[in-house]
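A.B. asks: Sharing a structure below in structure tokens format, with a few things to ask.
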Amino acid sequence: METKGYRELAHRVDEALGFMIAAGLTSEHPIMTTTEFWTSHECLLLPYEQALTREDSTTGLHYDCSAHMLWVGERTRQLDGAHVEFLRGVANPLGIKAELRAFFDVHDQEGSYPGGVHLEMTGQNVTECVGGSRTITYDDLSSRYHTHCDPRLNASQSLELAFNIAERLRKKRMQSLTSL
């Protein structure tokens with residue numbers, strides 16, 4: 001018995017495959033035969049993370065093998081907490097759920113490249129994150145706060161943030177070109 005949700009999903013998969021074929025990505029294309037797969041999660045359950053931490057025999061550095069990149073979130077970001085202390089001791093790349101402008105500013109100051117961002121978002125009209133062009137305030141959060149885990153950007157906030165990121169990267173690229 002076919003459900004409506006299944007039909008919608010199958011239709012979306014067909015559309016995606018049609019787009020890929022139109023772009024020249026068939027199953028014979030070389031890019032379709034190789035995969036680079038990276039994992040990331042919040043460093044939340046310390047006994048789990050500690051059990052999967054290993055010392056690299058060639059460098060002596062410790063790596064948490066539960067993921068390529070670990071991140072500090074709302075539940076684990078206490079500077080004097082055990083999670084931050086654990087992450088201080090591993091050589092994995094780390095992510096931090098910080099304000100986006102500060103994220104880019106720190107990379108600019110350190111001369112490093114902002115390699116990626118992680119966003120929680122939804123197309124629903126939620127009020128789980130403050131800010132944006134519709135000016136959601138702390139008082140507005142309770143009106144449509146539906147998540148049981150990490151707060152999500154609504155559609156308007158997501159688009160605004162995508163444009164902000166694109167503009168910031170464009171400026172960085174233009175600065176790199178003019179300094180050559």
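A.B. asks: Give me, ordered by chain and number, the residues 5 or more places off residue 95 or on other chains with an amide H under 5 Å from its own placed amide H.
C.D. replies: Result for residue 95 returns 70, 71, 72.
A.B. asks: Moving on to the next point. What is segment 1-61 by shape, rounded, prolate or oblate, if you read a ≥ b ≥ c off the alpha carbon gyration tensor as root eigenvalues and call it rounded for a/c under 1.5, prolate for a/b larger than b/c, and oblate otherwise?
C.D. replies: On the way: a/c = 4.87, a/b = 1.77, b/c = 2.75.
Note, shape of segment 1-61 comes out oblate.
A.B. asks: While we're looking at this one, here's another question. Of 168, 12, how do they rank once you tally other Cβ atoms within 10 Å and put the fewest first? Intermediate values should be presented prior to the final figure.
C.D. replies: Numbers: 168 18, 12 10.
Ranking 168, 12 by Cβ neighbours within 10 Å, fewest first, gives 12, 168.
A.B. asks: When a footprinting reagent is the concern and you count Cβ atoms within 10 Å, what order do 53, 34, 39, 76 take, fewest first? Could you put the intermediate results ahead of the total?
C.D. replies: Values: 53 15, 34 6, 39 9, 76 21.
Least crowded to most crowded, the residues run 34, 39, 53, 76.
A.B. asks: In segment 36-97, what percentage of the DSSP-assigned beta bridges are antiparallel, given to the nearest 5?
C.D. replies: Working: 3 of 9 bridges.
Of all bridge pairs located within segment 36-97, approximately 35 percent are antiparallel.
A.B. asks: If each residue's Cβ is checked for other Cβ atoms within 10 Å, how do 97, 172 rank with the fewest at the top?
C.D. replies: Numbers: 97 19, 172 15.
Fewest-to-most Cβ neighbours within 10 Å comes out as 172, 97.
A.B. asks: I've got another one for you. Using only DSSP helix segments of four residues or longer, with each worth -39500 (n - 2.57), what per-residue ellipticity at 222 nm results for the chain after dividing by its residue count and rounding to 500?
C.D. replies: Working: 5 runs with 67 residues, N = 180.
About -12000 deg cm²/dmol.
A.B. asks: Could you run the Karplus curve 6.51 cos²θ - 1.76 cosθ + 1.60 with θ = phi - 60° over segment 62-69 and give me ³J(HN,Hα) per residue in whole Hz, x for Gly and Pro?
C.D. replies: Using θ = phi - 60°, the values come out as 9, 10, 7, 7, 6, 6, 6, 10 Hz.
A.B. asks: Give me the orientation-averaged projected area of the Cα convex hull of the chain, in nm², one decimal. All intermediate terms of the calculation are to be shown ahead of the outcome.
C.D. replies: On the way: hull surface 69.2 nm².
Projected over every direction and averaged, the Cα hull of the chain covers 17.3 nm².
A.B. asks: So, one more: At a threshold of 8 angstrom on Cα-Cα distance, excluding pairs fewer than six apart, so keeping six or more, what relative contact order does the chain reach in percent? Before the final figure, lay out each step's value.
C.D. replies: On the way: 166 pairs, mean separation 21.7, N = 180.
Once divided by the residue count of the chain, the mean separation gives 12 percent.
A.B. asks: Further question: Count the net charge of all other residues whose Cβ sits under 11 Å from the Cβ of residue 128, scoring Lys and Arg as +1 and Asp and Glu as -1. Mind showing how you got there, number by number?
C.D. replies: Numbers: positive: 144, 152; negative: 120, 140, 150.
So the environment of residue 128 carries a net charge of -1.
A.B. asks: Among DSSP beta bridges lying fully in the chain, give the percent that are antiparallel, nearest 5.
C.D. replies: Numbers: 4 of 11 bridges.
Rounded to the nearest five, the antiparallel share is 35 percent.
A.B. asks: If you don't mind, another one. Using the Cβ atoms and a cut-off under 13 Å, what net charge is assigned to the surroundings of residue 61, where Lys and Arg are +1 and Asp and Glu are -1?
C.D. replies: Values: positive: 54, 88; negative: 55, 56, 64.
Net charge in that neighbourhood comes out at -1.
Throughout, read-outs are computed from the coordinates displayed, never taken from laboratory work. This is a predicted model, so every value here is computed, not measured. In this analysis, Cβ positions are derived from the backbone assuming ideal geometry, glycine residues included, and neighbour counts consider all displayed protein chains.
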